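> Dropping a structure here in structure tokens format, bear with me for questions.
The numbers here are math on the coordinates, done by the rules we state, and not lab data. On a predicted model such as this, the values are computed, not experimentally measured, just so you know. Every residue, glycine among them, receives a Cβ derived from its backbone with ideal geometry; neighbour counts consider all protein chains shown.
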Amino acid sequence: MIQSFSFRYGTHSGKMEWYRVEEEKGAFFMHIDKWDEKEYAYHGEVENGFLKALEEKIKVLGMAEWNGFRDIDACLCSGDSWVLHISYSYGQEVHAMGHSAYPKGFEAGVKGIEILFDKFLN
């Protein structure tokens, strides 16, 4: 079972997305923050079944296989950047990050996470 999930993605054009699920005082809460032409935010308790849906989405999209991906160019001042962190109750963790560099399936991963979380923004 997921203990925490954090995926942050920003583009050189100023778009920023941050999707988080974390345990707070014995309950799980979701935090969504997005900025582009408008600012969107949602903060609330996770509904029944959402953690399972998130875990299944991560599996289907192969996002756990991004673990260990790290491609950061400290001299590059523009471009897209992203960070993924997932921790599971059985001890596994996924850490990945990039700056204008992406693991296999990244575009599908971004779209899949957006679809799963964005229904809470409407």
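> Conditions first: (1) under 16 Å from Y102 (Cα atoms); (2) in contact with a helix residue (DSSP H, G or I) (Cβ under 7 Å, 6 or more places away or on another chain). T11 passes all but one, so which condition is the exception?
(2)
> Would you confirm whether or not region 50-72 contains a residue that is out of contact with any Lys or Arg (no Cβ under 7 Å at 6 or more places or on another chain), closer than 18 Å to L121 by Cα and surrounded by fewer than 17 Cβ atoms within 10 Å (Cβ to Cβ)?
Going residue by residue through region 50-72, those that are out of contact with any Lys or Arg (no Cβ under 7 Å at 6 or more places or on another chain) are 50-72.
Narrowing the set further to residues that are closer than 18 Å to L121 by Cα leaves 50-51, 53-54.
Adding the requirement that they be surrounded by fewer than 17 Cβ atoms within 10 Å (Cβ to Cβ) leaves 53.
The answer is yes, given that some residue of region 50-72 is out of contact with any Lys or Arg (no Cβ under 7 Å at 6 or more places or on another chain), closer than 18 Å to L121 by Cα and surrounded by fewer than 17 Cβ atoms within 10 Å (Cβ to Cβ).
> What's the total number of residues in region 76-109 that are buried (at least 17 other Cβ atoms within 10 Å of the Cβ), aliphatic (A, V, I, L, M) and closer than 20 Å to V60 by Cβ?
4
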